[in-house]
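Working notes for the structure below.
The values are calculated or read from the model by the stated rules, or taken from the named source; none is laboratory data. What you are looking at is a predicted structure, and each value in this text was computed from that prediction instead of being measured. Using ideal geometry, Cβ is built from the backbone for each residue, glycine included, and neighbour counts are taken over all protein chains shown. Ligands, DNA and RNA are stripped out before the accessible areas are found, and what is left, the full protein with its side chains, is counted by its heavy atoms. Shrake-Rupley method; radii C 1.70, N 1.55, O 1.52, S 1.80 Å.
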Amino acid sequence: MDDRMNKSDKEAMEKEEKATVATNDEPEINYRGWKAMPFIIGNETFEKLGAIGTLANLLIYLTTVFNLKSITAATMINVFNGTTNFGTLVGAFLCDTYFGRYKTLGFATAASFLGLLAIQLTAAIPELHPHRCAAKESGECEGPTTGQLAFLLMGLGLMIVGAGGVRPCNLAFGVDQFNPKTEAGKRGIDSFFNWYFFTFTFAQMVSLTLIVYIQSNVSWAIGLGIPATLMFIACVVYFVGSKIYVKVKATGSPMTSVAQVIVVAIKKRKLKPVEQPWLSLFKYFPPKSINSKLPYTDQFRFLDKAAIVTPQDEIKGDGSPADPWRLCSLQQVEEVKCLFRVLPIWASQIMYCVTLVQLHTYAVFQAVQSDRRLGNSNFKIPAASYVVFMMLSLTIFIPVYDRAIVPFLRKIRAKEGGITILQRIGIGMFVSIFTMLVSGMVEQHRRSIALTKPTLGVVPRKGAISSMSASILIPQFILGGLTEAFASIGLIEFYYKQFPENMKSIGGSLFYCGLAGSNYFSSLLIFIIHRTTNRTTTGNWLKEDLNKGRLDYYYYIIAGLGILNLGYFLLCASWYKYKGNSDNTPELELHVNGEKQQLDKP
């Protein structure tokens, strides 16, 4: 709990959370607030420890236990991560439309446990993985059989199903337990966010250090058994608290309204645009809508035709359209415009996140062929553990940014956040370019030392270990954390604030869909580089042995694509209009039959 919360505040919060909220049409809701948190936060902690504990070292597992080539393993990880992130959109849709968050989370957590158990069995049962060939220094090793690969893919598939339900619902389900209409509930929500991100950070720290070490240096069967056990505990904790949860029912998909606007706009595409659309278009706002009213904007004007009233359109006595598939309101049209305006920005995320993908794949391979000894000891830091420096950079910089940089910028720029959300994202994209340039220079240095100076042995099926200290890789991971602190967090905030209120879960899923696109694009880029450079005199840039390849050239290409992407983003950002803001649509008062009404005028 937040350190600032004293005992009296805590008691007051719990007292207020016992209060029930009722309306004429809705049943009473008994908010339990912090009484439900031991189960929800406990489930969150064990679930994150389980999932991250397996995924953090999965790349090394595929190359050392399943004897897959580096390029194959990296591609598989990219496809897996991409499918997992796209699955959040499906999970959010099913949650909002049919099942609600409680049922979705219960099913997804169970699926995650079964997936982790299946992956653990591939390590524990010899018949489920190929024969080990760690003693070989070169040459081909026996790959997995069809059955072994199918069992592994089944486990990964179950984890995709689990993540698709957990990621878009977990945070929202915790917030559901607090009464948003009371001060105690609002304070509880703020404190819950702190706990949520604390557990996420804690899970990453433990997974990237202790669990990864056990997997790499003790036993894969034990190292993968720990996450599976933790996920089982997460299932138990979640269902034990079932009776005290607030379980919000599914209310239907907000995408139906989006589909209606698009369909009606297509049906009425031959109609002439109306003059003064802010006055002439059909206006209706549902009385129970949670969305904020939006002013008229002159972008995507072809959608305006969905709100043009024709003689064939019928309107009910309450002002709503008789057939929403023939006539839409101006409010609906503007909500769809919000979605359409966000999509070009989302497209730029795909290229930006390719940098993050490399830090989780090829940067790990760089560590494998570097000197990972800690000081003069024989203890070797697991290659996958270097990613922890990216997480540390992110978590250390966030409070500095929030407590020092933002107040300073607020004073000199007179803006609430110091800089706009899009400016924050742009800074992060610029840092991502710099990250790839530094990664390329470090790889060039590592390779040069490996080819010109004595090496420290050989990595089986890869190549010689450069005497360059792996600590030199830390700056690129630190820069990766900074780019996430600016761009990734900025994108999450951007989607959350710019989507209509009833589409927040879809907006949250959009960030993960951007990550999915990055993983797929990265796989495509690897395939193109692999096929193209194989025919050149310099040879394949992405060889198993990094010393014989040119990974630095690959990083420089990503940096070049990042520069082009930054230019595209700046054009989109200059064109973008924030939700609810329109420089040319001030509100005017109009008196009709003695009643004052608000109109938008460009």
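Just a few scattered comments:
- Answer residue from segment 246-286, given it is in a loop (DSSP other than H, G, I, E, B) and of a type in the set (Ser, Thr, Tyr) and is modelled with the lowest pLDDT among those: Thr251
- Residue that is nearest to Ile478 (Cα to Cα) [pool: residues in segment 388-438 that are of a type in the set (Ser, Thr, Tyr) and modelled with pLDDT of 85 or more]: Ser393
- Answer from Gly567, Gly560, Gly539 - the residue that is open to solvent by 10 Å² or more (accessible area, probe 1.4 Å) and within 17 Å of Ala487 (Cβ to Cβ): Gly567
- Criterion violated by Ala367 - all others in (1) within 24 Å of Ile526 (Cβ to Cβ); (2) touching a Gly at 6+ places or on another chain (Cβ under 8 Å) satisfied: (2)
- If you go through segment 353-381 and keep only what is open to solvent by 10 Å² or more (accessible area, probe 1.4 Å) and part of a loop (DSSP other than H, G, I, E, B), you end up with Arg372, Leu374, Gly375, Asn376, Ser377, Asn378, Phe379, Ile381.
- The one condition in (1) modelled with pLDDT under 80; (2) open to solvent by 10 Å² or more (accessible area, probe 1.4 Å); (3) out of contact with any strand residue (DSSP E or B) (no Cβ under 7 Å at 6 or more places or on another chain); (4) β-branched (Val, Ile, Thr) that Thr20 fails to fulfil: (3)
- In this structure, Gly426 does not qualify as loosely packed, with under 15 Cβ neighbours inside 10 Å and not β-branched (Val, Ile, Thr).
- Condition met for Thr435 (open to solvent by 20 Å² or more (accessible area, probe 1.4 Å) and either touching a residue at least 12 places away in the same chain (Cβ under 8 Å) or over 20 Å from Tyr555 (Cβ atoms) (or both)): no
- Qualifying residues in segment 142-193 (those that are touching a Lys or Arg at 6+ places or on another chain (Cβ under 8 Å) and modelled with pLDDT under 75) - the one most open to solvent (accessible area, probe 1.4 Å): Pro180
- Within segment 396-410, being of a type in the set (A, V, I, L, M) and open to solvent by 90 Å² or more (accessible area, probe 1.4 Å) holds for one residue alone: Ile396.
- Test: residue in segment 326-349 that is under 30 Å from Ile211 (Cβ atoms), part of a helix (DSSP H, G or I) and not basic (Lys, Arg): yes
- Test: Phe86 is touching a residue at least 60 places away in the same chain (Cβ under 8 Å) and either over 25 Å from Cys513 (Cβ atoms) or basic (Lys, Arg) (or both): no
- Subset of segment 94-138 (residues that are open to solvent by 80 Å² or more (accessible area, probe 1.4 Å) and either within 26 Å of Val236 (Cα to Cα) or part of a helix (DSSP H, G or I) (or both)): Tyr98, Phe99, Lys103, Phe107, Leu114, Pro126, Glu127
- The set of residues in segment 234-261 being out of contact with any Lys or Arg (no Cβ under 9 Å at 6 or more places or on another chain) and surrounded by fewer than 18 Cβ atoms within 10 Å (Cβ to Cβ) consists of Val236, Phe239, Val240, Ser242, Lys243, Lys249, Thr251, Gly252, Met255, Thr256, Ala259.
- For segment 395-492, the helices (runs of 4 or more DSSP H) that sit wholly inside it and include 3 or more residues that are over 25 Å from Val354 (Cβ atoms) are 406-413, 421-452.
- Scanning segment 499-533 for residues that are at pLDDT below 85, more than 12 Å from Asn85 (Cβ to Cβ) and either not assigned by the TED database to the domain that holds Cys353 or not β-branched (Val, Ile, Thr) (or both) yields a total of 8.
- Residue count for segment 374-387, restricted to those that are over 24 Å from the mean Cα position of the chain (by Cα) and within 23 Å of Leu479 (Cα to Cα): 3
- Filtering segment 383-392 for residues that are in a helix (DSSP H, G or I), open to solvent by 80 Å² or more (accessible area, probe 1.4 Å) and touching a residue at least 40 places away in the same chain (Cβ under 8 Å) leaves an empty set.
- Looking across segment 570-592, the residues that are surrounded by 13 or more Cβ atoms within 10 Å (Cβ to Cβ), out of contact with any Gly (no Cβ under 9 Å at 6 or more places or on another chain) and modelled with pLDDT of 65 or more come down to Cys572, Tyr576, Lys577, Tyr578, Lys579, Gly580.
- For segment 310-332, filtering for residues that are in contact with a strand residue (DSSP E or B) (Cβ under 8 Å, 6 or more places away or on another chain) and β-branched (Val, Ile, Thr) leaves 1.
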